[in-house]
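The values are calculated or read from the model by the stated rules, or taken from the named source; none is laboratory data. Bear in mind that the values here come from a model prediction, so they are computed numbers and not experimental data. No Cβ is skipped: glycine too gets one built from the backbone with ideal geometry, and neighbour counts run over all protein chains shown.
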Amino acid sequence: MHGAGNDYIYIDCFRQNINNPSALSVRLSNRHTGIGSDGLVLIMPSERADLKMRMFNADGSEAEMCGNASRCIGKYAYEHGLVKKTDLTLETLAGIKHLQLHLTGNIVDHVTVNMGKAHLCGKTEYKGEEIVCADVGNPHAIIFVNDTETYSVKSVGPLIEHLPCFPEKTNVEFAQVLNPGEINLRVWERGTGETLACGTGACATAFAAYMVKNTLPRLIIHLPGGDLNICINPDTGELLMTGPAEEVFSGIIQI
């Protein structure tokens with residue numbers, strides 16, 4: 001499944017158990033010798049919510065949260081009978097997230113995720129570039145640039161990801177503010193590389209832009225894989241992210 005091009009392999013752990021998911025993610029994510037993906041997501045039972053998510057990047061590292069994966073889990077759970085309602089709770093390492101499924105007939109085509117509150121964590125600098133640090137349950141470093149299309153994301157992204165000031169590494173966002181309601185965005189994801197979309201990255205960028213660039217609280221984030229809509233509640237600081245979720249194929253692989 002993918003959300004705006006951010007594609008993961010999803011395993012239904014209501015029906016089976018997976019040992020060593022970190023190593024499995026490395027193996028299956030390889031686009032030449034595996035299935036090919038940005039990582040691996042386990043859909044699991046939860047004692048605290050309707051569902052539980054564990055998400056592993058392509059390098060095997062486990063992430064606290066993934067916005068695009070959250071939407072896809074909601075779609076899978078409803079369409080495959082794990083749940084029968086459209087208001088869901090999802091347990092993640094970043095806390096319990098609330099999902100609202102938007103249906104066309106019996107098909108989930110969009111999902112809204114309450115991503116909780118975002119926090120700015122200060123600023124730093126890299127070779128003259130100002131970096132705004134934000135946390136939405138996982139770490140992000142946002143750089144505002146003049147043109148995302150020509151910016152050297154693939155060379156600068158991994159350098160910032162591994163800066164000593166980010167001991168757990170960080171996701172890196174390169175944002176171009178088009179107007180108060182729109183942003184072009186490219187993302188270098190921690191442990192994966194550049195991806196076509198990043199839900200938490202879109203939220204972190206929207207919040208940083210709202211706080212330091214005086215953008216509107218409702219933003220359309222244009223990513224290479226599609227658009228995400230972010231709404232910031234000025235009173236509570238909570239972020240609502242709405243975007244697509246698509247199932248591409250299902251299959252069987254020996255693990």
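Side notes on the structure shown:
- Residue count for the range 220-255, restricted to those that are without any contact (Cβ under 8 Å) to a residue 12 or more places away in the chain and among the β-branched types (Val, Ile, Thr): 1
- Taking each residue of the range 101-130 that is at positive phi and loosely packed, with under 13 Cβ neighbours inside 10 Å and looking for partners that are part of a strand (DSSP E or B) and not charged (D, E, K, R) with beta-carbon atoms closer than 8 Å, six or more apart or interchain, yields 122/133.
- All positions within the range 165-186 that are over 21 Å from residue 114 (Cα atoms), crowded, with 24+ Cβ neighbours inside 10 Å and touching a Ser or Thr at 6+ places or on another chain (Cβ under 6 Å): 174, 175, 186
- Of the residues making up the range 200-217, those that are crowded, with 18+ Cβ neighbours inside 10 Å, in contact with a Cys (Cβ under 9 Å, 6 or more places away or on another chain) and more than 13 Å from residue 141 (Cβ to Cβ) number 1.
- In the range 12-33, residue surrounded by the fewest Cβ atoms within 10 Å (Cβ to Cβ) [restricted to those that are over 22 Å from the mean Cα position of the chain (by Cα) and free of Cβ contacts under 8 Å to residues at least 60 places away in the same chain]: 32
- Answer residue from the range 142-159, given it is part of a helix (DSSP H, G or I) and not aliphatic (A, V, I, L, M) and is farthest from residue 189 (Cα to Cα) among those: 155
- Within the range 37-58, if we keep just the residues that are in contact (Cβ under 8 Å) with a residue 24 or more places away in the chain and more than 16 Å from the chain's Cα centre (by Cα), the residue that is surrounded by the fewest Cβ atoms within 10 Å (Cβ to Cβ) turns out to be 48.
- Conditions (1) in contact with a strand residue (DSSP E or B) (Cβ under 6 Å, 6 or more places away or on another chain); (2) surrounded by fewer than 16 Cβ atoms within 10 Å (Cβ to Cβ); (3) not aromatic (Phe, Trp, Tyr); number of the one not met by residue 197: (2)
- Residue within the range 138-158 that is among the aromatic types (Phe, Trp, Tyr), touching a strand residue (DSSP E or B) at 6+ places or on another chain (Cβ under 8 Å), surrounded by fewer than 19 Cβ atoms within 10 Å (Cβ to Cβ) and modelled with pLDDT of 95 or more present: yes
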